[in-house]
Amino acid sequence: MTPRNGKKSIFDEAMETFQRAADLIGLNPRVRLELGDPDFEHIFYVTIETRDRLVPLTAEEQAEVRDLPPSSVKAADALEPLANGQFVLHRRALLEADIHIRHGVISIPQKGCFRIEKGGPRKFKAYRIQHNQVRGPYKGGIRYHKDVSLDLFKTLAADMTWKTAIAEIPFGGAKGGIKIDPFNYSREEIEHLTLRYIYKFKNFMGPFLDIPAPDVGTNPEIMAYMMRQFTDGEREHHKMRGVVTGKDVRIGGSEGRLKATGQGVVYCIEEWAREHGFTLKGARVIIQGFGNVGSSTAEILHGMGARIVAVNDANGTVHKDGGLDIPALVQHVHQNPDNLRRTVARFPGAATISKQDFWSMDADICIPAALGGEITGDVAERLRVKLVAEGANGPTTRDGDRVLATRKIDVIPDLICNAGGVTVSYYEWLQNQRLEHWTEAEVNQRLEHALKKNYAIIRDIARNRPQRTALHDSRRYCVGKEMDVRTASMVLALKRIEAHYVLEGFSQ
Ligand code: NAD
């Protein structure tokens, strides 16, 4: 699909790697057609009732209500702060309150003057794209974000098909979510939205059909709502725990899942470092994104003695030349209830820099762990690092890739670099099927073996170096010529997927 402005869609651009790898291995033409588009594109709508809001007045408006007597709201949790400066007004606000409202305006001591805006029904666009299930149930994250689209979810769903094949786990690929800025809604509204999403999608998902997981804007709490809604009223609900992964460990989640993507990024970086005789202790690292992936990667690398010298997120960039105090930064972002946007901005003990300066920071390793399309050709020109380890999905554009290659900056492609999350999701699913609970050490040992083995195969494909070692066997996958690592990872995925079609045949 080519949009009207002539620019390629994200999906078409991403599929260029697929086409290139398919040409290289002479992919079966029918398999090529099967994989070229998703199996199913579900687009649907979910509605919720939103609560009333307190919307801050402008300075000018405030001046007009200077004589409005203040109201006292005694129920401590009656006003729920949102990241956009508004408050959600829960009904318990009226309990024992002393309220003065004039023309819909209320003054709350220590908070300011607000217009009361009535809540009501709201509608949101929801998606679930199921790309392929030849190797197992559809598998992929759920994203709650304001900038999502069919084009983006098609790309991310296909990425999951490639990634599960590369990680050698018996799943296919899917992705979905809701077009919403979750920071502007209360916990209760997000819960209702999630329940409604699953209510509508229930017939198309299941532990052996389609298994969601967390992604940008979602978390273990949201996975718990999903599991509850899916299993609601089912007597044997314990058998259905595997319907979502990334759950809290106390309700069937796996040890190590929360940090698994970051841990996987670090295992790949360790392998790159070992090959290049590079020591991670004292290495300078810059990280974009300090959510699940970025903060876990930072914590693990910091624990290994690396220095995280700058972190950029959606709301700011912090920098400290000697290395940021990562435990304190995690505390500032994830454990401070006043930090509603969960941002690194305003972290004490660090300088604030611009996003431009972040990309040009002198460092050894750059870890994009935010959204896609961030490392453009321009950014790639500016980078002063030896390695880009892709924690995020699709962080590097085609132009970016070309510039990195010309500048001889190494890349660990997303398909292997961030596969730790889905790999441990598979371990979680296995534990759910068997009603088992593994230790974190056991999980990480399996994860390390799986990622290092498959990353070794990808490097061999890239260098056309077929070999068998104690760790891996790449003889089946090398194609007789060298290629870049991104194409090599796709070759590995396609060879594994093609085997299913060729050996099992097609159902007519
Ligand atoms: P998250 O919601 O926990 O965190 C996202 C982070 O990105 C936040 O720090 C946010 O501020 C930052 N961000 C958002 N927009 C930005 C912008 N324009 N510029 C700079 N920073 C921005 O999400 P996450 O789960 O950590 O996912 C991050 C990336 O990793 C995504 O690309 C996701 O698809 C990918 N990924 C996640 C997992 C997982 O297990 N969570 C697994 C594989 C890949």
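Values in this text are rule-based calculations from the coordinates and carry no lab data. Predicted, not measured: the structure shown is a model, and the values here were computed from it. Cβ atoms come from the backbone with ideal geometry, glycine included; neighbour counts cover every protein chain shown.
Net charge near Thr343, counting Lys/Arg +1 and Asp/Glu -1 over other residues with Cβ under 15 Å of its Cβ?
On the way: positive: Arg341, Arg342, Arg346, Lys355; negative: Asp181, Asp313, Asp338.
Spelling it out: positives minus negatives among the neighbours equals +1.
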Set Lys and Arg Cβ to +1 and Asp and Glu Cβ to -1, take the dipole of the chain about its Cα centre, and tell me which of Leu209, Gly26, Leu383 lies farthest positive. Gly26
Greater than 22 Å separation of Cα atoms is the criterion. Which listed pairs, Lys8/Lys408; Lys139/Lys200; Lys111/Lys179; Lys247/Lys281; Lys281/Lys452, meet it? Lys8/Lys408; Lys111/Lys179; Lys247/Lys281
With each run of n ≥ 4 DSSP H residues scored as -39500 (n - 2.57), what mean residue ellipticity at 222 nm is computed for the chain after dividing by its residue count and rounding to the nearest 500 deg cm²/dmol? -12000 deg cm²/dmol
In nm, what is the difference between 0.36 nm times the number of residues separating Val55 and Glu436 and their Cα-Cα distance? 132.3 nm
Would any residue of the stretch 170-191 have its amide N under 17 Å from a label point 7 Å out along Cα→Cβ of Glu504? List them or say none. 170-174
Farthest toward the dipole's positive end in the chain, which of Ile43, Ala456, Gly305, given Cβ charges of +1 (Lys, Arg) and -1 (Asp, Glu) about the Cα centre? Ala456
Out of Ile353, Gly372, Val330 - ranked by how far each Cα lies towards the positive end of the dipole of the stretch 296-395, with unit charges on the beta-carbon of charged residues - the top one is Val330
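What is the sum of charges, Lys and Arg at +1 and Asp and Glu at -1, for the other residues whose Cβ falls under 10 Å from the Cβ of Tyr138?
Details: positive: Arg128, Lys139, Lys175; negative: Asp39, Asp210.
Net local charge, Tyr138 excluded: +1.
Of all beta bridges DSSP finds with both residues in the chain, what is the antiparallel percent, to the nearest 5? Provide the component values of the computation, followed by the final result.
On the way: 41 of 66 bridges.
Within the chain, antiparallel bridges account for around 60 percent of the total.
Which loop GluC sites (Glu not before Pro) in the stretch 1-104, with loop taken from DSSP, have no more than 12 other Cβ atoms within 10 angstrom of their Cβ? Present the calculation step by step, with values, prior to reporting the outcome.
Details: sites: Glu13, Glu16, Glu34, Glu41, Glu49, Glu60, Glu61, Glu64, Glu96; in loops: Glu96.
Answer in residue order: Glu96.
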List the GluC sites (Glu not before Pro) within the stretch 187-295 that fall in a DSSP loop (any state other than H, G, I, E or B) and whose Cβ has at most 12 other Cβ atoms within 10 Å. Glu234, Glu236
Tally Lys and Arg at +1 and Asp and Glu at -1 over the other residues with C-beta under 10 Å from the C-beta of Ala363: what net charge comes out? +2
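What's the ranking of 417-426, 207-216 by average number of surrounding C-beta atoms within 10 Å, highest first?
Working: 417-426: 29.0, 207-216: 22.3.
The packing order, highest mean first, is 417-426, 207-216.
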Span from the the stretch 29-106 Cα centroid across to the the stretch 196-246 one, whole angstrom: 26 Å
Expressed in nm to one decimal, what extension gain is obtained for the pair Asn84 and Lys8 from 0.36 nm per residue of sequence separation less their Cα-Cα distance? 24.0 nm
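For the stretch 221-345, rounded, prolate or oblate, judged on the Cα gyration tensor with a ≥ b ≥ c (square roots of eigenvalues), a/c < 1.5 rounded, else prolate if a/b > b/c? Intermediate results must be reported in sequence, preceding the final value.
On the way: a/c = 3.45, a/b = 1.70, b/c = 2.03.
Oblate shape, in that a/c is at least 1.5 and b/c is the bigger or equal ratio.
Using a 10 Å cut-off on Cβ atoms, rank the peptides 308-316, 469-477 from the highest mean neighbour count down. Provide the component values of the computation, followed by the final result.
Details: 308-316: 22.7, 469-477: 14.0.
Ranking the peptides 308-316, 469-477 by packing returns 308-316, 469-477.
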Efficiency by 1/(1 + (r/R0)^6): what FRET value for Leu471 and Met304, r their Cβ-Cβ distance, R0 = 22 Å, to the nearest 0.05? 0.55
Gain in span if fully extended, Ser72 to Glu34, counting 0.36 nm per residue against the direct Cα distance: 7.4 nm
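Given Cβ point charges of +1 (Lys, Arg) and -1 (Asp, Glu) and nothing else, what value in debye, to the nearest 20, does the dipole of the chain about its Cα centre take? If you can, show how the numbers build up before the last one.
Details: 70 positive and 65 negative charges, 141 e Å.
Roughly 680 debye, rounded to the nearest 20.
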